[in-house]
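Below is one structure, written out as structure tokens; the observations come after it.
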Amino acid sequence: MKKYRMLIVILALTAFAVPIQSADYDIDAGGAHSNVQFKIKHLGYAWLTGRFNTLKGDFSYDEKNPKTSKVEVNIDTSSIDTNHSELNKHLRSEDFLNVSKYPDAKFISTSFRKKEKNKAVLNGKLTLHGITKNISIALDQVGHGPDPWGGYRRGFTGSTLLTLKDFGISTDLGPASRQVEMVLNIEGIRRK
Amino acid sequence: MRLLNTENHWGLIAVSIHWLSAIVVFGLFTLGLWMVELDYYHPWYREAPNLHKSIGILLFGLTMVRLVWRRSHCRPVALASSKSIERKIATVVHYSLYVFLVTTMFSGYLISTADGRAVVVFNGLPIPAVYYGIAKLEDIAGIAHLWLAISLISLAVLHAMAAIKHHFFDHDPTLKRMFGL
């Protein structure tokens with residue numbers, strides 16, 4: 001019986017731990033489980049993809065009351081990576097992101113609207129290239145649950161379309177390349 | 001003109017390498033500043049950087065040959081009319097020109113190979129990447145390339161002004177000798 005006492009205690013504690021509904025999550029960027037990808041048409045003939053490797057942030061999510069969910073993400077603009085060094089250098093320059101002047105891009109949510117199933121719409125303010133605009137992100141909850149190492153995780157993927165000129169990036173890449181599709185992949189680890 | 005240097009004259013090999021390098025250095029500097037300003041749809045947007053890189057690699061090869069050749073062959077002695085301080089300054093400037101020449105070209109190579117891709121000389125000869133996978137290497141190398149090139153050109157202008165001074169003010173054969181005369 002003594003053998004099981006510990007197990008009973010653990011089970012009893014878990015019973016209290018599970019009902020947590022509203023929770024704060026730290027975005028898992030160190031483990032490279034979160035990233036911001038982008039996709040832009042090259043001349044209108046093909047897709048060029050790249051991503052921002054370094055971001056940090058957190059979110060809160062309440063299963064009972066999802067509309068109170070909040071998210072804040074900070075992206076290191078110099079972490080842009082297209083797998084082509086000359087292009088990375090050009091994208092970091094004044095012609096595009098001007099990373100020495102604007103080292104961060106920031107997204108702060110203003111509202112969260114749950115839709116059918118795992119879908120939601122996340123509105124917020126994006127500051128990019130020193131310009132802040134309201135944007136809307138179509139969100140999909142990928143999944144949530146315990147991880148194998150004693151933590152609890154929740155992940156989303158979202159996408160939005162940005163017009164480069166809206167953010168003061170005026171270098172002309174041609175008529176097919178004025179908008180860039182952003183895809184956010186976010187995995188949060190629940191704070192203990 | 002003889003092919004090799006003598007005690008009082010530069011030979012055809014040294015003269016040719018000197019003037020070819022001079023033309024190419026100023027040409028690459030102009031081409032480099034021009035090409036980075038081209039807009040995306042300019043007909044030279046793709047070809048100008050390829051030309052810049054290809055010629056740069058060839059000049060690097062030529063410079064390596066030049067440095068080996070310089071060590072293994074005699075050079076004309078300094079003019080008897082030159083002052084000891086002038087000789088010292090000339091030596092410092094000459095060595096600095098070589099240092100800036102080599103480091104400018106090498107930093108340029110690092111920009112293009114920072115992602116592990118080779119630089120392909122005239123679409124035929126690939127020069128493989130050696131240093132890559134270092135965070136933001138292309139940006140660091142890019143800043144270095146620009147400032148090393150500006151230093152090289154400034155020093156080359158100083159070098160040319162000194163040659164003009166020798167020719168028109170000192171009336172000595174320094175500049176004439178550089179044409180093998």
>> Sort A:ARG190, B:ARG75 by Cβ crowding within 10 Å, fewest neighbours at the top.
In response: B:ARG75, A:ARG190
>> If you average the C-alpha positions of the range B:155-181 and of the range A:156-189 separately, how far apart do those two centres end up, in angstrom?
In response: 57 Å
> What longest region of chain B stays clear of trypsin sites (Lys or Arg not before Pro) that DSSP places outside H, G, I, E and B and that have at most 16 other Cβ atoms within 10 Å?
Replying inline: B:137-181
>> If I build a Gaussian network model for chain A, linking alpha-carbon pairs within less than 10 angstrom, which residue out of A:ASP62, A:ASP147, A:ASP26 has the largest mean-square fluctuation?
In response: A:ASP147
> For chain A, modelled as a GNM with alpha-carbon contacts under 10 angstrom, which of A:ASN98, A:ASN53, A:ASN118 fluctuates the most?
Replying inline: A:ASN118
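For the range B:12-177, divide the Cα radius of gyration by the Kirkwood radius and give the resulting Rg/Rh value with two decimals.
Here Rg/Rh amounts to 1.02.
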> Per residue of B:169-176, what is the mean number of Cβ atoms on other protein chains within 10 angstrom of that residue's Cβ?
Replying inline: 0
> How much length, in nm to one decimal, is gained on full extension between A:GLU72 and A:ILE108, taken as 0.36 nm per residue of separation minus their Cα-Cα distance?
Replying inline: 12.5 nm
> Highest GNM mean-square fluctuation, chain B, Cα pairs closer than 10 Å: which of B:ILE17, B:ILE111, B:ILE134?
Replying inline: B:ILE134
>> What does the extension gain come out to for B:TYR45 and B:LEU62, with contour length at 0.36 nm per residue minus their alpha carbon separation?
In response: 3.5 nm
> How much mean residue ellipticity at 222 nm does chain A get from its helices, if each DSSP H run of length 4 or more adds -39500 (n - 2.57) and you divide by all residues, to the nearest 500 deg cm²/dmol?
Replying inline: -4000 deg cm²/dmol
> Could you put B:VAL77, A:VAL142, A:VAL36 in order, starting from the residue whose Cβ has the fewest other Cβ atoms within 10 Å?
Replying inline: B:VAL77, A:VAL142, A:VAL36
> What's the percent breakdown of Cα-Cα distances in the range A:21-190 across 10 Å bins, shortest bin first?
Replying inline: 10, 39, 33, 16, 3, 0
> Tell me, B:SER72, A:SER111, A:SER177 in order of fewest to most beta-carbon neighbours within 10 Å?
Replying inline: B:SER72, A:SER111, A:SER177
> Say the dipole of the range A:20-126 comes from +1 at the beta carbon of Lys and Arg and -1 at that of Asp and Glu; which of A:LEU91, A:THR68, A:GLN37 then lies farthest toward its positive end?
Replying inline: A:THR68
> Counting other Cβ atoms within 10 Å, which trypsin sites (Lys or Arg not before Pro) in the range A:50-135 have at most 14 and lie in a DSSP loop?
Replying inline: A:LYS64, A:LYS101, A:LYS115, A:LYS117
> Counting other Cβ atoms within 10 Å of each Cβ, which chymotrypsin sites (Phe, Trp or Tyr not before Pro) in the range A:111-168 have at most 12 and sit in a DSSP loop?
Replying inline: A:TRP149
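Under a Cβ-Cβ cut-off of 9 Å, what is the net charge of the residues other than A:LEU126 that fall near it, where Lys and Arg count +1 and Asp and Glu count -1?
+3
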> Of the chymotrypsin sites (Phe, Trp or Tyr not before Pro) in the range A:12-111, which ones lie in a loop per DSSP and count no more than 15 other C-beta atoms within 10 Å?
Replying inline: A:TYR45
> When Lys and Arg each count +1 and Asp and Glu each count -1, what net charge do the other residues less than 13 Å away from A:SER170, Cβ to Cβ, add up to?
Replying inline: -3
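How large is the translational diffusion coefficient of the protein assembly as shown in µm² per second when you combine the Kirkwood radius over alpha carbon pairs with Stokes-Einstein at 25 °C and 0.890 mPa s?
It diffuses with D of about 96 µm²/s by this estimate.
Here, each number is a calculation from the coordinates, and none is a lab measurement. These numbers were taken from a predicted model, which means no experiment stands behind them. Neighbour counts run over all protein chains shown; Cβ positions are idealised from the backbone, glycine included.
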